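The values are calculated or read from the model by the stated rules, or taken from the named source; none is laboratory data. Here the structure is a predicted model, which is why all the values come from computation and not from measurement. Methodologically, a virtual Cβ is constructed for each residue, glycine included, from the backbone with ideal geometry; neighbour enumeration extends over all protein chains shown. To get the accessible areas, we keep the full protein, side chains included, count just its heavy atoms, and leave off ligands, DNA and RNA. Shrake-Rupley method; radii C 1.70, N 1.55, O 1.52, S 1.80 Å.
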Amino acid sequence: MMLSMALLILFGCGGVSAVTQSLELNYTAFVQGINLTKLTAAGVVNEVQFIYFNGNVCKMIPNLTAEDEAHWTQCMQGEREDFKFLLSIINEDDSFNNTKGAHTVQWTYSCDLKDDNTTGGNLQYVFDGKAFMSLNLTSATWITSNFIKTKWDGNGKKAKYWKDFLERECINWLKKVMKCSREILERNVRPGTLVFQKHSFSPELVCHATGFFPKAVTISWRKDGEDVHENVELRETLPNQDGSFQKRSILKVPAEELQKHTYTCVIQHSSWEKELVLNVSEQQILKDEGSSGGSGGGNIGIIVAVVIILLVLVAFVCLFAWKKIKCSGAEKPHEVQQNGTELHPLNVC
């Protein structure tokens, strides 16, 4: 609770216009038996992480001062005490028969602000991946066993507090974060794209997009200009370490069909005004995003080509140097050094 209130103090920014947004904060407690060994927390706004704790260090958007980081670290101690209290209750509950060994307890709460200015929220606790307590936001009551409900919140004050927080303070917090971090949360980054066939005999065509933001992207296939829906495997959108995302779609098509028809991969993203259409041939194709939906050469293709050229050059230099040394009779590295020449080139290679 201390952390929640501190967030509102820290974000002293003006409000923003009402749009569909969501905020989620997830705490994870690592437990050995009934003892809390580590507590982490991560906050996400519209699928973008804006705050992270590992128990000692706080990272946040915007950047915090050393004084602010010390303040946030202190706030985490209050949440730690709540988890310890909850663990003591779990230890007394007969339905939790696996309190020995290593476990995880998660606490997640979220709030949403829709286009029509209505709000929603959710709060739940999870033990080893199984939810055991949640909040009924309408009635401000806990959904759990009577034993846990009585021990955790016998007078119902916690439930009423969280109902008010999710419907009011959390929404204000969401607006403040959006205002303070708009440049990061609302940025548009074009994806780098790649279309390839795994090998000449493979029936799988792969269309890959990476490095894009925001997360929403559409990847589809066409055959002779007509949409293809069969034999398509659309993979999950995954995060990159820099906060961007990646996604790929795989189309299974016989080699003879690939020769008879024209296949294209179509990628749609908010960073482009038009859809990007990538042509597929029997050979691997490396392409980047293009400026307005065209093909254009790809950074990935350039990198791969440069690496191949360098490898060929290095191999040629090594072979040439080895033959030169072989012909001069200096077959050992120490013999080359004794003659005042450079070290054996193969040592460098």
Single residue of region 86-122 satisfying the filter (among the hydrophobic types (A, V, I, L, M, F, W, C) and in contact (Cβ under 8 Å) with a residue 60 or more places away in the chain) that is most open to solvent (accessible area, probe 1.4 Å): Ala102
All positions within region 204-231 that are of a type in the set (A, V, I, L, M) and more than 24 Å from the chain's Cα centre (by Cα): Leu205, Val228
Scope region 128-167; condition open to solvent by 70 Å² or more (accessible area, probe 1.4 Å), assigned to a strand (DSSP E or B) and in contact with a strand residue (DSSP E or B) (Cβ under 8 Å, 6 or more places away or on another chain); matching residues: Ile143
So Arg248, is it in contact with a Cys (Cβ under 9 Å, 6 or more places away or on another chain) and either open to solvent by 30 Å² or more (accessible area, probe 1.4 Å) or of a type in the set (Lys, Arg) (or both): yes
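Taking the criterion of being open to solvent by 60 Å² or more (accessible area, probe 1.4 Å) and either among the basic types (Lys, Arg) or under 30 Å from Pro254 (Cα atoms) (or both), would at least one residue in region 205-213 satisfy it? Give the steps one after another, and end with the answer.
The initial filter retains those residues of region 205-213 that are open to solvent by 60 Å² or more (accessible area, probe 1.4 Å), namely none.
Checked against the condition, which is being open to solvent by 60 Å² or more (accessible area, probe 1.4 Å) and either among the basic types (Lys, Arg) or under 30 Å from Pro254 (Cα atoms) (or both), region 205-213 yields no hits at all.
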Filtered residues of region 150-167 (kept if more than 19 Å from Asn26 (Cα to Cα) and touching a residue at least 12 places away in the same chain (Cβ under 8 Å)): Lys151, Trp152, Gly156, Lys160
Boolean, Trp162 is of a type in the set (A, V, I, L, M, F, W, C) and under 30 Å from Gly101 (Cα atoms): no
Test set (1) within 18 Å of Asn279 (Cα to Cα); (2) under 26 Å from the mean Cα position of the chain (by Cα) - Phe245 fails condition number: (1)
